[in-house]
Amino acid sequence: HFQYNCVCLGLSLAAAGCVAQKRIVPASVLFTLALLYKQISLYYAPAFFFGILSQCLRPFAFDRAVLGVASAGAAVICTILLLFGPWLLTQQPLPAVLQVLHRMFPFARGLYEDKVANFWCSISVVFKVQRLVPTGRLPLLCASTTLVSLLPSAFCTLRRKAGPGAFAAALFTSSMSFFLFAFQVHEKGVLFPSLAVCLLPPALAKEWRQWRPLRSSAGIPWILAVHFQLVSLFSMYPLMVKDDLCPAYFLSILCLLAVLIVLCERSPNPPNTACRSLLLVTVLVGVLLHFLHAVVPPPQRYPDIWTLLITGVSCGYFMLALILVTIAQLYGAFDADKMHQKDAKDA
């Protein structure tokens, strides 16, 4: 389940760095490589679309905008043609390409893969969407819900004050929206918002770092980012058990907990008692759910109750994170500071 995801994530991260540096063509090539290497990179696609478009439009000049969009489009098309070359050069190129696309987007597999910490799987405890919506319309429902969730943050990248921080926030909200609401989601899809969340602490605008809850501890954004990694890993625990990866899982958990403790104890302005108590409660809830899943036999009538508790709690956390980052994005928490705006204007 986790083979070679590092290549896909690395290409996406390199593309994000190019967008932040206003290198549109390399960003387009790198992200297209990531997308065709593993189609799950589609989680980032809306953010890259709006991020590259914002670089083409700012500062606005019609000729410059057209040239930028054309360059990005040409880079994407050329990269796709190059990578699809082996299939395009066959005797029957169209069926060969369609077969590849069919394997990339397997709509016949169902709404979600196994028990995953997304919205559709979590609400299936109460009612199953598959029974209310015709099978052929489920992808449309998922696509509509995903777009409604990610577009407010994505449009923020087009604002005049937006900078690399707004693009970083859009990467998180886009990937988190896909994981929560998209069609055919796999547990490992949470790796994409987990990577994007690491970009948020340095992307926070200076004005928001002076906000009273954050001013009390400069390390809180990083503490929250590491805490998100913990919950992401926790959400995949049933998959780790199924794939016999528990030793690697618990070692990773211990490493993240160690980083979290260091951030809390060694920070110049450590978090207050309320923040520490909240972190402790979440850790204790995680320990309890691990214990239930590993030791307590589930009721015969509900054999998946412990797995669904883990994924349901994780889903609630992910939805809260998505809402908070979207609200912060709308209020300008990730907009460029005055110095960056001046540099962009001069450029």
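The values are calculated or read from the model by the stated rules, or taken from the named source; none is laboratory data. Note that this is a predicted model, so its numbers are computed, not measured. Note: ideal-geometry Cβ built from the backbone for every residue, glycine included; neighbour counts use all protein chains shown. Quick note on the areas: whole protein, heavy atoms, side chains included, nothing else; ligands and nucleic acids left out. Shrake-Rupley method; radii C 1.70, N 1.55, O 1.52, S 1.80 Å.
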Taking every C-alpha to C-alpha distance in the range 80-160 and binning by 5 Å from 0, the per-bin percentages run 3, 11, 15, 16, 12, 13, 14, 10, 5, 1, 0
Taking a crude spin-label model, label points 7 Å out from Cα along the C-beta direction, the ARG266 to ALA14 distance in nm is 3.1
Once ARG301 and PHE105 are pulled to full extension, the length gained, defined as 0.36 nm per residue separation minus their Cα-Cα distance, is 67.1 nm
With every protein chain in place, the accessible area of LYS242 for a 1.4 Å probe, in Å² rounded to the nearest 10, comes to 120
Simple SL model, points at 7 angstrom along Cα→Cβ for VAL241 and LEU324; separation in nm is 2.7
Per residue, accessible area of the range 1-87 with a 1.4 Å probe, heavy atoms of protein chains only, in Å², comes to 50
Of every Cα-Cα pair in the chain, the percentage lying beyond 38 Å is 20
Computed from the beta carbon distance with a Förster radius of 51 Å, FRET efficiency for ARG276 and PHE60 to the nearest 0.05 stands at 0.60
Normalised Cα Rg of the range 251-312, dividing by 2.2 N^0.38 Å with N its residue count, works out at 1.47
Taking only protein heavy atoms and a 1.4 Å probe, the highest-to-lowest accessible-area order of THR90, THR273 is THR273, THR90
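Kirkwood Rh over alpha-carbon pairs of the range 1-118, then Stokes-Einstein at 25 °C and 0.890 mPa s: what D in µm² s⁻¹, rounded to an integer? Mind showing how you got there, number by number?
Values: Rh = 15.9 Å.
It comes out at roughly 154 µm²/s.
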dims of the range 134-262, Cα set, principal axes, largest to smallest, nearest Å -> 47, 40, 20
At q = 0.25 1/Å the base-10 log of I(q)/I(0) from the Debye formula over the alpha-carbon atoms of the range 118-171 is -0.93
A correct Stokes-Einstein calculation for the range 137-206, using the alpha-carbon Kirkwood radius, 25 °C and 0.890 mPa s, returns a whole-number D in µm² s⁻¹ of 194
accessible surface per residue for the range 232-310, probe 1.4 Å, DNA/RNA/ligands not counted, whole Å² -> 63
Here, ALA74 and GLN92, labelled 7 Å along Cα→Cβ, have an inter-label distance in nm of 3.6
Expressed as a percent, the accessible surface of the chain that is carbon or sulfur, using a 1.4 Å probe and the full set of protein chains, is 70
